[in-house]
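Presented below is the structure to which this report refers.
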Amino acid sequence: MKATTVFIKSIETLKSWITNGKVVLETKKWKDGLEITASEELNFKVERISNVELEEIKSYTNHSLPESYYHFLQEIGAGSFFFSKYIDGFDMYNLAQLKEYNTLFQQEIEDCEEEVKDQFIIIGSHLCMGDWMGFCTTKKEEKNFDVYCHEYPIDDYVATSDELNSWRTFEEWLIKAVETKGSETL
């Protein structure tokens, strides 16, 4: 895998937070002319993925996803990230969840009134709004990852992401997630 140094450092940082079980997110706000700092403890519930399961995931996804995603699964695993009492965070799927949620997603595509010409592999859920996260595998550009807004019909996902210019690589998304301690993951 040819990953950037920043991506590798982000993986290592995330690993250390997961090992500690938490990370503290500090936010600053102004109230009545005073700067107030609030701290929120963000948690993780992550399980390692075996080499066998990783190979099964690669096979299930036809080896069509970026190496950075497979590297993430190998080094980090699947589970819930950056959640607290007040923040929902996001989930990254293991093999069983990939199969379950991609079957559900495919059913939603079949139920669409309009034909959906694009193909997707959903790898997680952003729990803040109930959005799917995944790759548009018919989009051949390197930037084919997005968090798809639940308010848009599936047949509009690609056009909406094009219009919003929200496509990114998985690597870019993960780096931003770690830099912002999960606060910029949509």
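A few points about this structure:
- I36 passes every criterion in (1) open to solvent by less than 60 Å² (accessible area, probe 1.4 Å); (2) in a strand (DSSP E or B) apart from (1).
- Residue check, I49 in contact with a helix residue (DSSP H, G or I) (Cβ under 7 Å, 6 or more places away or on another chain) and at pLDDT below 95: no
- Only a single item in (1) open to solvent by 40 Å² or more (accessible area, probe 1.4 Å); (2) closer than 19 Å to K99 by Cα is not met by L73, and it is number (1).
- Close pairs (7 angstrom Cβ cut-off, 6 or more residues apart or separate chains): farther than 12 Å from Y69 by Cβ in the range 171-183, modelled with pLDDT under 95 and among the polar types (S, T, N, Q) anywhere: A177/T185
- Neighbours by Cβ (under 9 Å, 6+ apart or cross-chain): first from the range 115-129, more than 11 Å from D155 (Cβ to Cβ) and assigned to a strand (DSSP E or B); second small (G, A, S) and open to solvent by 30 Å² or more (accessible area, probe 1.4 Å): I121/S64
- Check on F82, under 24 Å from T4 (Cβ atoms) and open to solvent by less than 20 Å² (accessible area, probe 1.4 Å): yes
- Residue within the range 64-76 that is closer than 22 Å to K143 by Cα, part of a loop (DSSP other than H, G, I, E, B) and at pLDDT below 95 present: no
- Qualifying residue in the range 3-25 (condition: open to solvent by 50 Å² or more (accessible area, probe 1.4 Å), touching a helix residue (DSSP H, G or I) at 6+ places or on another chain (Cβ under 6 Å), of a type in the set (A, V, I, L, M, F, W, C) and not in a loop (DSSP other than H, G, I, E, B)): yes
The values are calculated or read from the model by the stated rules, or taken from the named source; none is laboratory data. Source: prediction; values computed, not measured. Cβ atoms come from the backbone with ideal geometry, glycine included; neighbour counts cover every protein chain shown. With ligands, DNA and RNA removed, areas are computed over all heavy atoms of the protein, side chains included. Shrake-Rupley method; radii C 1.70, N 1.55, O 1.52, S 1.80 Å.
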